[in-house]
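Q: Sharing a structure below in structure tokens format, with a few things to ask.
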Amino acid sequence: MADKTEVVLDRAQVKKAVQALQAFLKTKSTGDSLFLDDTQHISLLFTLWKIPKAAQTIRIPLPHGQRPDTDEICLFTRDEPNMTSEQTQRFYKKLLEAKGVKSISEIIPYKVLRTEYKPYEAKRRLLGNFDMFLSDDRIRRLLPSHLGKHFYERKKEPLSVNLQSKHLDRDIQSVIQGSSLKVTNKGCCCMARVASSSMSADEVTENIEAAVQTVVAKLRVKGPVLKLIHIKSQTSVALPIYTSDLRHLSVLEKANKPKEEKGTAQKQAKKKQTKDTKQTDTTAEGKGEKKNVKKKKAEEEEEEEIPQLVPIETPSKKPKVEKPLKKKQLEKAPKPAAAKKGTKAQSKLTKKAGKTESKVKRKVPKVK
């Protein structure tokens, strides 16, 4: 199985990529940019084989410093007991001078950060005034709630330093001139700044080699880790400098095959054992069942035959007989419409006939 430390970079290929990148950046520079700081950051883009289970931050010491001496650096310190904020500033300035640290431009105690830099505008002003932020490792966990999200979006979150160290100058310089790589558990790509465009090609290649070695050694992932490594600037495309071989995949398959064969052989042996035990159990059970069957037959012959039960047929429901209507109901029953019309006509005729007969009887004179 391939080890994760087996990452060998071709120095000549890396140098060619660096030279091509520097040539591209020179072509992009214009006459107007001569009055400005035209340096750009050169970063390494790492692509991993698999996503790590847990997030990790890796400190990368570099042999050649990537930051100029003109960078403004701010240090956050803790509040010393029985001292005001001004007294703590003086105390840490004397401490840094005694240790030979000259790169820190301003010191801000934790109490000052809480009170004076509480508004949103003050935090944005603080973010724009400094290029880098350091913090005492004793208050590092308290800073995110007071700084805000903009420090982390622009990748200017403070880096922790042990101010009680005996070699404080060396530790601070390694943090300032070094780099850091943030490996997240949400993706397989991560980036680290390793050089600047103002550096020579040899210095950039040495920084790249040192960064790759430290990343491979400190990554908390088993097996082969790095799949691809690219180099890029802020405005250029990514140039590949390392691609992993696929040999480790075949090695993994070969290593897994004997394990699978062993597992299948063990499964087959277990199946055979279970079958044998089942067969022995069935033979023993068969002999016992035969004896029981004979006993049952003898007992059945002695017993009398029990007549089978026949289900009783339930009589079906009789249809309901309509009851004859009573006389009152018949009298109240309505007569058909045709019959009504006929009776009305007949009654009218009889009335007319009666009237005519009465008139005739009146006109006829009586015989004397």
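Bear in mind that the values in this text are calculations on the coordinates, not laboratory data. Note that the coordinates shown come from a computational prediction; the quantities given were computed from them, not determined experimentally. Glycine gets a Cβ as well: all are built from the backbone with ideal geometry, and neighbour counts include every protein chain shown.
Q: Select from the range 89-148 those trypsin sites (Lys or Arg not before Pro) which occupy a DSSP coil region and have at most 13 other Cβ atoms within 10 Å, ordered by residue number.
A: Filter output for the range 89-148: 102.
Q: What FRET efficiency comes out for the pair residue 9/residue 191, r = Cβ-Cβ distance, R0 = 22 Å, nearest 0.05?
A: 0.80
Q: To continue, here is another question. Once you have the Cα-Cα distance between residue 124 and residue 105, take 0.36 nm times their residue separation minus that, and quote the gain in nm to one decimal.
A: Difference between extended and current length: 5.0 nm.
Q: Further question: Quick one: length gained pulling residue 273 to residue 162 fully straight, 0.36 nm per residue minus the C-alpha distance?
A: Once the chain is fully extended between residue 273 and residue 162, it gains 33.5 nm.
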